[in-house]
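One structure below.
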């Protein structure tokens with residue numbers, strides 16, 4: 001879980017760089033992020049901004065999981081069931 005907060009995507013990119021540096025070759029990484037769709041909360045940027053930062057820093061990354069706090073708003077959660085990186 002990439003859970004750093006700093007008000008921009010740099011901290012999750014740094015966190016993922018640490019994970020990549022310590023991961024053995026040929027191990028598939030699927031980082032998980034957490035947040036809200038379309039909403040920044042404190043220093044946590046929206047999920048789509050986190051996804052964009054990951055895509056820009058690691059264009060070959062083909063798997064990202066997420067924990068959306070949208071369960072706090074079930075209607076919104078039902079409207080967003082999936083997200084594609086490309």
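The values are calculated or read from the model by the stated rules, or taken from the named source; none is laboratory data. Because the structure is predicted, anything quoted here is derived from the model rather than measured. Here the Cβ is made from the backbone with ideal geometry for all residues, glycine too, and neighbour counts use every protein chain on show.
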For segment 56-83, the count of residues that are surrounded by fewer than 10 Cβ atoms within 10 Å (Cβ to Cβ) and either at pLDDT 85 or above or touching a strand residue (DSSP E or B) at 6+ places or on another chain (Cβ under 6 Å) (or both) equals 1
Quiz item: Within segment 5-22, is even one residue part of a loop (DSSP other than H, G, I, E, B) and under 10 Å from the mean Cα position of the chain (by Cα)?
Solution: yes
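Among the residues of segment 23-36, is there at least one that is part of a strand (DSSP E or B), closer than 14 Å to residue 3 by Cα and at pLDDT 90 or above? Outline the logic, then answer.
In the first step, residues of segment 23-36 are kept if they are part of a strand (DSSP E or B); the result is 32-36.
Applying the additional criterion that residues be closer than 14 Å to residue 3 by Cα yields 32-36.
From what's left, at pLDDT 90 or above: 32-33.
Scanning segment 23-36, I find at least one residue that is part of a strand (DSSP E or B), closer than 14 Å to residue 3 by Cα and at pLDDT 90 or above, so the answer is yes.
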The residue that is nearest to the chain's Cα centre (by Cα), considering only those in segment 23-36 that are loosely packed, with under 13 Cβ neighbours inside 10 Å and under 14 Å from residue 58 (Cβ atoms), is 30
Of (1) under 11 Å from the mean Cα position of the chain (by Cα); (2) modelled with pLDDT under 85; (3) part of a helix (DSSP H, G or I), residue 53 satisfies every one except (2)
